[in-house]
Each structure stands twice: as C-alpha cells, then as structure tokens.
C-alpha cells in the first residue's frame, strides 16, 4: 500500500534540503528538494493511476517507484514517459529557482526564515490559489512552475523551523491552509537560542544540539533561524556588522555554512539542510526530510482531490484517455490562419484539409490534448480559440473566411503576431501550422517568436501558397525544428504539405535522425534501431520534388516500407516492428537542399539539457539548468537522461543542420543523479543534440533532440523580476531589471518585449550599441490595470537580438508569466452544516440489515454558506444505497457577497455514507457527511463533567468512573493551561475485567476533535454490565509518549477538553462485529487460543467470523502479527466467502473484502507476519478448524483504519 511504497522510496532515495540532487556533493547522503519533490510526485502519480483504472495492479513489495514501472503497469505495455518526465523537470526547475532567483533567494517569506512564518504561510496560501485557478484554466505550464515554488517553500518549513525539534513527527495540519491558525510564533522579545557548544573537532568550531531554549519547545512556540546570505567580498568586520544589524539579540541563526550571521551571538543556528555539520542541526536532517516529503505528498493529494484526476493528469502531461494507448496525448493541434482577401481560394482548401485532420485525429491514438486556432490578417490578430472540444474547434474553424475580422488588403500581414499568440496558447512541444500567402509585416517580433518557440520546444510548419518565401519564415522553421512548404492554393498541394500533421502531434514519438539542406544528390544514411522502437518512420522531402529511397535492414535485405504519404514534395514511409540493428537508407534526390527525418513510436527516449555553475548569490553552490540560449564557446555541463534504466547512454554529439558532426564526446554516468554528463564547450553555430548508447541486451540506439540549439553572444543577467511566475493584483507594478553583456564583437542591439495582456508600460533601451565585452542595463516596467479581472495570465517575453542582422538568429531571451490575483484573496472555505435530518430516526435498526434497509428512507437538509469568491461547484458522492439531492437558494440568508443554499438530500437506509462537497472559486472546500447510525449503540461513560485540571497538577492525576453498558453518558475533563504549554499524556486502565475499546477525543480551543484510541485487552464474561474504568493524565514536558498509548497537547491559553467519546462494542474471542470508530486508529483482535498476548493453543471445531467495520470513506490495513494454524493456510480474496471451507487436512483462515469476483490470491506458511489492505472500509475474516484438529498457536491481528480516501479511490487492495 502507499505507506509501504513511501517507506520503500525513502529507503532508496531519501538519503534532502540542498537545492538539487547534483549539489549534494557538498554533503553526500543529504536529501535535496529535488529528490523530495520527485519522490512525492511519483507517489501522487501512483495514487492517481490507481483511481483511473487501467492495468495498474499490484506493485512488487521490493519495487522502487519509477515512471517506467508505473506507466508500463497502467497502460499494460512498455510506454513512453518522456512528456511526463518533462513535466516533472519543469516543476523541479521552478523549485530550484527559488534558491537562486534574485526575487526569492534572500526573501525570508520564501524560506520560512527570520521568524516570518506567518508571511511564509501567506505565500503558500496565495500560491495554492494561483495553482488551482491556473489548473482550472488549463494553464498547466504556469501551474507546474507555481507547484515547484509551492513545494520548495513548504519543505523549507521543516528544514528551517523548530517543528521537528518540538517533537512533531507529522506535517503541520494548518500550513498553507487559508484561514487556518499556524500556531504561536515567537515575538520579537522572546529569546529562542543560546550559543552552540564549542567543539574543536567540528568543521564549524561548534556543535549545536542544545542551543534552542527549552521553554520555546515546551510551550509549543514556533521559531526559525535568521539568514544573512553568503559571505561578501568586503571586509570581515563590515560583513559581521551587517549580519549583526539584521539579527535580533537572542535569536537563532539559520546557520548553514553560507550564512554570515552564524558567527554572531547566539553562535550557530537551527537549520537542517544537510546531514553533516555544515548544517547546525544536521542530526535531525533525516527526520526533517521525512516529514517534508510526507507534507509534499499530503499537498499533492489535496491538489488531486481539488482539481480531480483528469486535470491532475494533464498537469503532469499524462494521457487520461482510457483506451490503454501507448502514446501520451500531451500536445495541441495548433493552427494559425491568414484570413486576408487574397486567401479566398486558399483558405477554403486549408479549412477543408484541417477539418479532415481533426476528424482523423478522433479515431487515432494521436488525439490532441487540446485545439488552438488563431486567425490573423492586417491589422487584426485573434481572438484565439483554445478548447478540448473538437466540435467547438471545427465550428470556429468553419467561421473563418477571407476578409474575416476586416481586411487590410494584400501584402504583408501580422503573421508573426499570429504565430506568437498561437505559441502562447499551445502546450509545450506542440507543432504550430501556419497557413499564409504573404510575408510578415510585424518583423520586429522575429526574436520574440523565436525565443518563445525555442523555450517551449514548438516546431513551426509554414504552409505558404506562393513561391517568393519570406526568409524569416525559413529561419523560424529551421530554428524550431519545423519545415516550410510551398503548397499552392489548391487542395492537393495543401494535402501534400500536411500529410504528416497527425504524426507530428502523436505522443511517444522519438527522433533518430534529422538532417536538412543536404547538398549532395545521393547519400547513404545509417541509423541504429533498438528493441523498443515499435514503428520506424522515414520522411524525405524537397520544396519541388521529393527524393527516392532504398531501405536496407540490418541483414542487408531490401525492405519495402508501407507508403503512408506519396506526394510531389514529401514521401512518408513506415515499417512496423522493425528489426533491431543498424539500418541503411540510400537517398537519391533530383535537386540539392533536401531533407530526411527518421523516427518512430517508442517507449524509450532521452532528454538533454545544459547546466551552468551558480553565482555566489545562490543559497547553495552547484548548478542550475539553462533556460535560454547558451553563449558561443561557453563551457557548460551537458546532461543527458535516459527514460529507461535498461538503456545506458555512452556518448553525445553536436550535429549541424545537415546532420554532419560538429563535436563528439563521452558521457559519464552519475550514480547520485542517474544522469549522464560531460563538461563541453558550446559550438558557435546552431546545432542539434544527439546521444548514443546501448540497451541491456547490448543493442545500440541513437536519439536526436528535435529542437535546434541557437548559441548567442548575448548574456542576460537579472537583478530583479526573474521569478518564473509573479502574482500581481490589480493596480500593482513590477520592475524587471537586467544587464545585457556583449560577449562578441561590437554591434548594435535591439530589445523587444511582448505580453498577452498588454501590461508592459515601458521598456528601455530599445536600440543600443554595446562594444565588445561591454554591458548595458535595461528595464521592463509592468503596470496592472485597476479594472482587470483576477484569474487571468499574461505571458511576457523579453528578447535582445542583433539589430539589423538578417543572416542568422543571434539573440537571447527571458520568458515569464504574470498571474493576476485578487488584492483580497478568499481565505474562508464554504461552510456546510446538517440541519434537519431523519437519518437516525428512520434508519436505526435497519441501516446494516440488507433485508430491510431498502424499505426505509431518510431525508436531510444541508445548509451551505459561502462568503468570498463564490461557489465553483457542488458534488455528491454516496456509497451504498441510492441518494438523491438537489440544491436551491436560501432566500432568507443570501445577500451581497454571501451565497446561502439549501441542499435537500434523501436516500434509503442502505446508504453507507453520503458526502456533499462544495468547492469555491479559490479551490477551498467545505463538506457535509451523512453516515448511518451504528449497528449497535456506542456505549459511553457515566461520570462527572467539567472537572478542572489545573496546570500545576501533581505529576499524575487519575479519574475513575463506572462504565454502564446500558446507559449513555459522557465525561469531560477541562484543563485551563494558561500561558504555558505542556504535554498531557494519558493511558486507560481498568481494575475490573473488561473487553471493550475506548476512544478519547481532544479538543484544543475551537479546532476539530482529534480522536485517539486505546485498548483494554483483558477478558471477562459477557454478563458483566458495569465495570470500572480509570484514565490517568500525566504532565509531561518532554516529547509525547509512544503514539500507541495516545497523547495530546493543550493549546496555549485555551480551555482544552479531554472528552471520552465512547466505549465501543465488545471484541469476542471467536468473532464478532469489530467497529473502528475513527480514522488512524488501531484495534487489536486475538483469536481463540491467543489470549492476553500469550499463545496457548486453540481448540478444534471452531467456526469464527469477524466483521470488521471502519469509518466511512476509509480503508483497512490488516496486519497479522502472529499466524499459526494446523495445515497453515490463509486465503485472501474479494467478494463472497463461500469458497472458504476447510478440507480434511487443514484449518483455514479466510480474509475477503470488496465486490469483485472471488479468487484465491495468496497462501502463507506458519509463523508468518504479513499485512493486507482492503478495498473499502469493511472486511470479513473467518476461521474454521477441524473437529479433531491438533492445536496450533492461533492468530493475532492489528487492524487500522487508514486515512480518508478521495471519492474516486477504490482499488487499494491491489497495492503494497
């Protein structure tokens, strides 16, 4: 099950809080933000796959989660994980940027530093709001960037605060939750640290184990260290003075080796970033990393529940099509269409062809993720249509005509504006198809368009109807990895040029070879085909006449490929199930400047990137991935990643456009990162990246990245405004400042800036000269209009290029997003409370009786109130019997910004649970839950109420009361703690023989009751009606006792109620109904012959049946701590128990749960200890023994009700 998987992951990968795994060289074995995020995303993906069905099935207990394991299991075959891995890289890249971007690296609110915990909490609240809204708007690239930021900030809390030191071993329940109270934060007057102890053997000269003032932890006060950045180049006295000025007296430092405040009294610090003395509290690094990963997974689970599985899958670039197809539908079908008058004949042919492509995509495995349509002419551009509905797309396409949106006449058109808008609206990696008959009028946007498509890896395919082609179109096509085709204006010409569009948008597509502008008429090309290439695809073409090919298999036999497209300009071939080995193709062209592409559909691919060494501003030394163009001749770290562990990369190469080799270099494997790396100089000309290697069988492979790399002489260095996503409210401003350095010959340069919401008020300089090695400072000034609506997103691109240079692209860029947020965000979730209800009255005695529950009905009214952003949606999830519901306005309570609704709900008494969920427009959720009355009344305690327990109580205080099994009553013990903070532990005992379970609830102030469970494990005759129960409370100023005993912490200056919630039903020695009242609680069940924890042997002729019932919406973990039967067989299955019947040779224990067909899944030997997870909140366990059976030792079980599930989750019993 997932807890087990999390443990497996931690054992294998959790060795965290430096920025990236590669940077843990400074502290080997430390856990990085990158690894925590990766592990949490793997876990969340596995959980989502389990809700979506497919062939996910059970994972072997020894397995470590990886993309290929999860995808292969879900789709039922080897499946491409490339797009999924790219999504994870975007998230991890955004996380890493928090530690190096100028806007965040030294901002305490982004790191839970300087006791700015409430501000950091607000950062999380705002980030979640923006992630939620971006996901709802299908702005997944922005949502991924924000998610990386959120997870980084969240994890910083556990590494930089004293949460772990206080003894808290689980994630903070209120962190990042709108409107929640995060607890008491130390005020300015409260001293939190003393000097660390001097230690000559430590690299820092001290060791920090007792530097936190004990009363801070005892009273439950939160604090964090003050961080003052890396040491500056100025004098030490100046540096120390600056650090001291920013660190209040008596306060803790962050204290890592780059914090210059660590040497200022109090010396040391409390950070846990690494597992060695470079971090002062390094001994708690592992625990902090564990809790941070649990918190990350908890948040991802919250996000999954909020946006649901379909959107969560798209967020991670996962195909949510349930066909089991091998491909990932993660790309857009994007069309930019010229609508000027001169397009009259061309536009109809183009529309007809586009409609054919859309229709074809609906029946293929290459169905696009969404559809984007952008019309343009002169002067109009847009509006853009982006939709997941193919019918809506075709309707909008059908509306286009020559002269649509006005007609600026023939001649240059706003083509680049149309392409830019199309690129901004499309998914990463999506090809853009441009239909036009005129050159570009908006030529100044060339470098901006190039910057956008290069960063988003979007190839552009220009389809022009005239022969005199705009050279800018040719450059953009070549740079982006697309093509330019001259189609003519008839349908046949357009068909020829667009024959491979569906191939371009297919998922799982990989490139083996990509060569253009080949200047010889005959050429022999060789390439390696590996075992995971399902189909081999070859395309050859020329503007006027396509070349001919002869294809040879590795055996030297001529192969006749399937002809997919055979047109004048392009020939497209396919070979299904190609033979592994080196293939050869001989190409004969009638003219020079032809191209060849070799690729196919494969479950294997490679990812490549460049990384540079961070400057001193960053929190941790190391590397950061380059997100724009590299500098000519610059030495960078080349990184290649294999998407399959069985495929090893051996070498990398840089290739020119015609496929010739510029440079080749060996790649070394990094065990820590599982990457293949080399330090290499960047070529001075545009190039493609190629990698080669071998699979586990020794077969060679090759892969080429489809997008060209364009080196530049322009270096951009930012000093403000460099966050990937900024959240700005109406009326806010943003100043983006950066420097432009010329690393080449003297030249004149041009700065161009664009954004989709027209927020740019000014930018300077526009055109400027820079000598060789010179630097010019620039700025971009953003102003958000006062009347703009929250929820919108602007894509901002800043590009600096050589002015007037038309020979080739030489530019650099920076791209970011601006999310418009509310100035007063909604922090209050919808309220839901149950009003009138006949559930208990109507269903008592019938709810658990299948023969009568259908004949009895109940009804209830649920009162809903939302103040703030408004209601986004209301849903009902019911299990068991049918439930009907409707929602109407509560006219007496709706006014202004308050929405009041009444939900009327009714159903039969067969209902097991009914949960009404209300989600507001900020992603905040409120729920009402209806559950039937218990099968037997919960027995409660009789005794005194509101007995005060003062803070100065004796070390122990015991309350005893009689338990009357025939009466309902309760006891409350009120504790006025005052300004101090202490732990109160409890244990439950009884002088009288008893076999009941007791639940204790703790109410801290106004927070929700936290139930804890303790068991009384002695036995007594059934006839006992009254027993004595004692509860001992004990003041404890240390970490709480063992969780199995239960513990609670009183809130500061609040009335804390310790309430006995009930004594549950009797647990018999030979089967009965066992009720687990609360999630997270464990019940101990012993079979006959295993009494009081001692195995004494069981008798023959037993027929025991335990019915285990957990709370609705939970599932059960059944752990057999002891199992020893004659014949020693246990059978596990789903459905009815009729298959469980002992033969004449063995005793048999049967465990079953769920409604699927019954089957035997496992057998266990004697003395086994194992666990099983049910599919819902109920299970039945039967024990049948032979009449003359020699006694075995018996059985003992620990049964736990695990955390609540999303309403869609229902296959957990298959996962270990």
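Bear in mind that the values in this text are calculations on the coordinates, not laboratory data. Just so you know, these numbers come straight off a predicted model, no measurement behind them. Every residue, glycine as well, gets a Cβ built from its backbone with ideal geometry; the counts of neighbours run over all protein chains shown.
Odds and ends about this structure:
- Inter-centroid distance (Cα atoms) of the range 120-183 relative to the range 807-836, Å: 14 Å
- Extension gain from residue 388 to residue 783, taking 0.36 nm per residue of separation minus the Cα-Cα distance: 139.0 nm
- Per-q log10 I(q)/I(0), the range 515-588, q = 0.12, 0.14, 0.15, 0.20 Å⁻¹ (Debye; single scatterer per alpha-carbon; no solvent): -0.32, -0.44, -0.50, -0.87
- Each of 647, 158 has some number of other Cβ atoms within 10 Å of its Cβ, and from fewest to most they run 647, 158.
- Net lengthening on full extension, residue 838/residue 592 (0.36 nm per residue, minus Cα-Cα): 80.2 nm
- Of the peptides 813-819, 335-341, the order by per-residue mean of other Cβ atoms within 10 Å, starting with the highest, comes out as 335-341, 813-819.
- Rg of the Cα atoms in the range 444-483, relative to 2.2 N^0.38 Å, amounts to 1.12.
- Order of 38, 743 - criterion: other Cβ atoms within 10 Å of each residue's Cβ, fewest first: 743, 38
- At the listed q of 0.24 Å⁻¹, the Debye profile of the range 78-178, built from one uniform point per Cα, gives log10 I(q)/I(0) equal to -1.27.
- With both labels modelled 7 Å from their Cα along Cα-to-Cβ, the residue 904 to residue 189 distance reads 5.9 nm.
- One decimal place: the segment residue 717-residue 558 gains 51.8 nm when fully extended, by the rule 0.36 nm per residue minus the C-alpha distance.
- Ordering of 271-284, 66-79 by burial proxy (mean other Cβ atoms within 10 Å per residue, highest first): 271-284, 66-79
- Direction-averaged projected area, Cα convex hull, the range 628-704: 5.5 nm², rounded to one decimal.
- Burial ranking of peptide ranges 848-859, 537-548, 427-438 (average Cβ count within 10 Å, highest at the top): 427-438, 537-548, 848-859
- Sorted by Cβ neighbour density within 10 Å, fewest at the top, the residues 904, 385: 904, 385
- Gyration tensor (alpha-carbon) shape descriptor, the range 574-705, a/c threshold 1.5: oblate
- Cα gyration tensor, the range 723-850 - rounded (a/c under 1.5), prolate or oblate: prolate
- Cα-based shape type of the range 831-918, given that a ≥ b ≥ c are square roots of the gyration tensor eigenvalues and the cut on a/c is 1.5: prolate
- Using R0 = 41 Å, the C-beta based FRET efficiency linking residue 861 and residue 174 works out to 0.85.
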